[in-house]
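Single-structure report; data block below.
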Amino acid sequence: MRIGCVAFLALAVCAPLGGCSGGGKAPTGQVAAKVGGQEVTVQEIQAELAGFNAPDAATRKRAEQQALQNIVARKLIAEAATKAGVAKSPDFALQKQRMEESLLVQAWQNSLVKAVPQPAPEEVQQFITQHPEFYANHKVFTVDQLRLPPITDRKVLDELKPLNDLDAIGQVLTSHGIRYTAAKATIDSLTVDVRLLDQIAKMPPGEVFVVPAQNMMIANKIVDTKLVPVPNDVATKHATQYIKAERAQQTVRRQFGAVVSNPKAKVVYNKAYAPPPPPAKGKPTQGGSAAPAGKAG
């Protein structure tokens with residue numbers, strides 16, 4: 001959708017220019033087009049496609065052409081914006097700085113993740129043995145669900161906390177004008193975090209549990225459970241990916257944490273914006289992380 005929609009913008013910009021054709025020698029090789037004095041390379045087109053997988057060569061070609069139109073349109077409009085003086089505005093400078101910093105962080109994170117080696121076969125087998133909830137005792141849960149926006153109102157949360165019935169939860173939500181949708185769904189234990197599975201296993205039958213998902217909250221009640229053992233090849237692939245993802249996350253957290261907590265980092269705060277002092281040793285901190293599962297609220 002994104003590529004197709006922007007392609008229409010590119011075509012609209014090109015129309016008055018006679019199809020965006022210009023004078024000069026046509027580019028060849030790794031240069032797909034020239035926009036003024038700027039070259040658009042094949043590598044730029046691949047980056048624009050962002051890992052798009054085409055079902056066939058013809059579809060791939062069309063996608064590349066659309067991506068190229070996207071790049072051409074962006075360069076033309078960016079050049080016009082520069083001539084209009086947009087690049088000299090304080091807002092642009094601030095946004096450019098934020099974007100560059102975010103790209104640097106993302107690029108470093110990607111390189112750290114790529115550098116994490118594949119786990120050894122014996123590690124994979126050990127993981128499979130140690131986690132029967134994923135494999136030998138793999139389960140698929142049928143659940144009734146209520147999908148609702150995140151709730152921050154303490155009064156509503158207090159009303160929901162003691163409830164263990166989806167209908168009752170729905171009535172409270174309706175009384176406060178909170179819209180929700182009811183649905184049936186399945187939860188495959190192979191696709192959720194092992195910590196959530198552990199909490200589900202410890203809950204009494206029929207217990208309602210809430211999990212966050214993409215800017216919403218989902219209240220679930222298990223109505224049926226099926227035991228579906230996982231084939232060895234699927235288990236091996238899943239375990240390999242799971243172990244590597246966990247290690248990649250730990251690596252990124254360790255590397256980034258070392259940078260942020262480095263005592264040699266030169267950070268001087270304005271007193272009006274300084275962070276609060278760390279709590280005294282032995283003194284509990286307020287708040288805490290939310291549990292991934294539990295009663296509504």
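The values are calculated or read from the model by the stated rules, or taken from the named source; none is laboratory data. Quick caveat, the model's predicted, so the values are computed rather than measured. Cβ: placed from backbone, ideal geometry, glycine included. Neighbour counts: every protein chain shown.
Only a single item in (1) in contact with a His (Cβ under 7 Å, 6 or more places away or on another chain); (2) surrounded by fewer than 14 Cβ atoms within 10 Å (Cβ to Cβ) is not met by Leu157, and it is number (1). Taking the range 45-93 as the range and being of a type in the set (Lys, Arg) and surrounded by 12 or more Cβ atoms within 10 Å (Cβ to Cβ) as the test, the residues that pass are Arg60, Arg62, Arg74, Lys75. Of all the residues in the range 69-104, those that are at positive phi and among the charged types (D, E, K, R) number 0. Restrict the check to the range 265-283 and report whether at least one residue is aliphatic (A, V, I, L, M), surrounded by 10 or more Cβ atoms within 10 Å (Cβ to Cβ) and within 30 Å of Val116 (Cβ to Cβ). No, every residue in the range 265-283 fails to be aliphatic (A, V, I, L, M), surrounded by 10 or more Cβ atoms within 10 Å (Cβ to Cβ) and within 30 Å of Val116 (Cβ to Cβ).
For the range 11-44, residues that are modelled with pLDDT of 85 or more, part of a loop (DSSP other than H, G, I, E, B) and surrounded by 10 or more Cβ atoms within 10 Å (Cβ to Cβ) total 1. Candidates Val156, Val105, Val124: the one that is β-branched (Val, Ile, Thr) and closer than 30 Å to Ala78 by Cβ is Val105. Out of curiosity, is Gln30 polar (S, T, N, Q) and under 30 Å from Phe92 (Cβ atoms)? When the stated conditions are applied, Gln30 does not pass them.
Each row is one residue, and each column tells you yes or no for (1) touching a residue at least 40 places away in the same chain (Cβ under 8 Å); (2) of a type in the set (Asp, Glu); (3) on the phi > 0 side of the Ramachandran plot.
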residue: Ala136; (1), (2), (3): yes, no, no
residue: Lys139; (1), (2), (3): yes, no, no
residue: Lys155; (1), (2), (3): no, no, no
residue: Gly177; (1), (2), (3): no, no, yes
residue: Thr186; (1), (2), (3): yes, no, no
residue: Asp193; (1), (2), (3): yes, yes, no
residue: Asp198; (1), (2), (3): yes, yes, no
residue: Glu207; (1), (2), (3): yes, yes, no
residue: Val230; (1), (2), (3): yes, no, no
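Within the range 218-259, the set of residues being touching a His at 6+ places or on another chain (Cβ under 7 Å) and surrounded by 17 or more Cβ atoms within 10 Å (Cβ to Cβ) comprises Val230 only. Given the structure, is Ile218 in contact with a Lys or Arg (Cβ under 6 Å, 6 or more places away or on another chain) and at pLDDT 90 or above? It is true that Ile218 is in contact with a Lys or Arg (Cβ under 6 Å, 6 or more places away or on another chain) and at pLDDT 90 or above.
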